[in-house]
Every structure is written in C-alpha cells, then in structure tokens.
Amino acid sequence: MSLLDFIRLLQRNYRLIGLCGLLTAGLVAVLTAWQQPSYRSEAMVYTGIASGYTIEKQESQRTDYYAVNHAFDNLLNIIQSRYTLEESALRLLARHLLLEGPRPEVMESAAFEQLQEQIPAEVRNELVAGGNFEATLHKLRMAYHRDTSSVVRKLLLVTPSPYNLDRLREIRPVRKNNSDMIQLHYTAADPGIARHTLSTVLEVFTQKFHHLKTSETGQVIRYFEEKVDQAEARLQTAENELSEYRARHSIINYSE
C-alpha cells in the first residue's frame, strides 16, 4: 500500500477512527475515576556490615561472605519483626493523635477525618496526654498490650488503617546488590503518611539495632574498662609510694 492509498483510507474512515479514540478515552476515564492516587516513599540505609571496620577486624583479614549474608538476614528480620511493626504503628498513631488539625506534610484532611471517626473524642481524650509524645505513646502501649478490646488494638490488628500491622508488612527491605545498603519502600494514598511511616520504621529499627550491637560488644568494652581501671590503680599506687619515698628521705629535687 502506497502512502497515497493510506491517506485515502484515513479520509474514508476518519469518523470511525475518531469514535474509537473517544470510546477508549471514556473507558479509561470511567475505570480510573474511583482509583485513589498512591505515593511511594523510599529510603536507603547504610549498614557497614560488608565493608565496615570492627574491633575484631584486621587489615589482612578476608571478608566472610557467609557471616555477612547472615548479618543482613538478621537485619531484614529485625525490620519485618512484629516488635518493629507494633512499635512503629504505635509511634505513628501517637504523632497523629497529637495533631490538632490536618497538616499536609504529616497527614491530609481525608486521613485526619478518618482517624477522628475511628477514635471517638472521649477515647482520644483518655489516650492523649496533653502535647507530650512520650506520655501519649506510653498510654497507647498500655491500651494495646493490656486491653484486648481497646480501640488501639483494633486499629493495629483489625481495622483497615495506616496503623494496621498487615498494612505495614508491605514494607519490603531489600539489600542493594552486594553493597552495604538496604533499600526500603512504602506506598500509601497519603503522601505524609507514606513518608512518616517509613521514617518511623527506620527510627525503631535503628534503636533496636543499636541496642543489639551494644549488647554484643558490651563484654568487650567492659573488659577494656576493667583493664584501664586496674592500670590506673597501679599507677596511683606507684605515685603514692614515690611521694612517700621523697618525703621520707627529704628529697627536694629528685633529678639532682
């Protein structure tokens, strides 16, 4: 078919072609009219496992890839552990309960109004401790762990919400190739919630990881602290003996 024949074909069927285009556009508009927009938040964490320096590592020591992979598996399990998800959900809820109104950088109007419906005013007054985040978080922990019928427990385990543990399990940490980096991403209908959910999970994970590493190296640190204390005690004893010797023999200038 020549170019001229193709142009003539378009001229004869332009109405049909235009109608098909309109029908396709209308179908797409109808199918996407009720879809909510989604916002993706990403974060990268440097672990230092593969290339980081430790008190046991020497310059000539080879990297134990089995141990490295095992350490990364432990990190990924910490991020996806129930403790991390529960603590992250409670902290996120505490920050949202302290809001007096919707803030686009934290949560938009739709999410704020939904939270007001899920937690009535009288219950919210019992959970919120003024503007104190730590006190509010403590009350939320008590309500979640001790009261099986509390609104807080339902939000985390039953009710579809940004604080639902099944929803938070969608956060998937992945090691970036063979590097020291762990990449995380999370998608939500509210941009502020997407960002703050991920940052809260990282906050809880960092504290938990720091606690574990401190526990591992605590005995080594205590050993060196004990040796330093012993050396200081011996030095102090030697200085005291020297001072007594100088006083006993009336030595004014020891070097002469």
What residue, of Val220, Val204, is open to solvent by less than 60 Å² (accessible area, probe 1.4 Å), in contact (Cβ under 8 Å) with a residue 60 or more places away in the chain, under 30 Å from Glu113 (Cβ atoms) and among the aliphatic types (A, V, I, L, M)?
Val204
Consider Ile79 against the criteria (1) under 17 Å from Thr136 (Cβ atoms); (2) open to solvent by less than 10 Å² (accessible area, probe 1.4 Å): it satisfies all of them except one. Which criterion is unmet?
(1)
What are the pairs with Cβ atoms under 8 angstrom where one residue, in region 142-166, is over 16 Å from Phe112 (Cα atoms) and the other, located anywhere, is among the acidic types (Asp, Glu) and surrounded by fewer than 18 Cβ atoms within 10 Å (Cβ to Cβ)? Sequence gap at least six, or different chains.
Arg153/Asp147
Which numbered condition trips up Ala89, out of (1) out of contact with any helix residue (DSSP H, G or I) (no Cβ under 6 Å at 6 or more places or on another chain); (2) within 24 Å of His211 (Cα to Cα)?
(1)
If I ask for residues that are part of a helix (DSSP H, G or I), at pLDDT below 65 and either open to solvent by less than 100 Å² (accessible area, probe 1.4 Å) or among the basic types (Lys, Arg) (or both), which ones from region 11-54 would you list?
Val28, Ala29, Val30, Thr32
When region 171-192 is checked residue by residue, the ones that are farther than 17 Å from Tyr46 by Cα and more than 13 Å from the chain's Cα centre (by Cα) are Thr187, Ala188, Ala189, Asp190, Pro191, Gly192
So, in region 146-164, exactly how many residues are at pLDDT 90 or above and assigned to a helix (DSSP H, G or I)?
7
Scan (1) touching a strand residue (DSSP E or B) at 6+ places or on another chain (Cβ under 8 Å); (2) farther than 30 Å from Leu115 by Cα; (3) without any contact (Cβ under 8 Å) to a residue 24 or more places away in the chain for the single condition Ile182 breaks and write down its number.
(3)
Residue list for region 97-120, restricted to those being open to solvent by less than 50 Å² (accessible area, probe 1.4 Å) and either in contact with a Cys (Cβ under 6 Å, 6 or more places away or on another chain) or in contact (Cβ under 8 Å) with a residue 60 or more places away in the chain (or both):
Val106, Met107, Ala111
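The values are calculated or read from the model by the stated rules, or taken from the named source; none is laboratory data. Computed from a prediction, not measured in an experiment: that's the story for all the values here. FYI the Cβ positions are ideal-geometry reconstructions off the backbone, even for glycines, and counts take in every protein chain you see. Accessible surface is based on the protein model in full, side chains and every heavy atom, while ligands, DNA and RNA are left aside. Shrake-Rupley method; radii C 1.70, N 1.55, O 1.52, S 1.80 Å.
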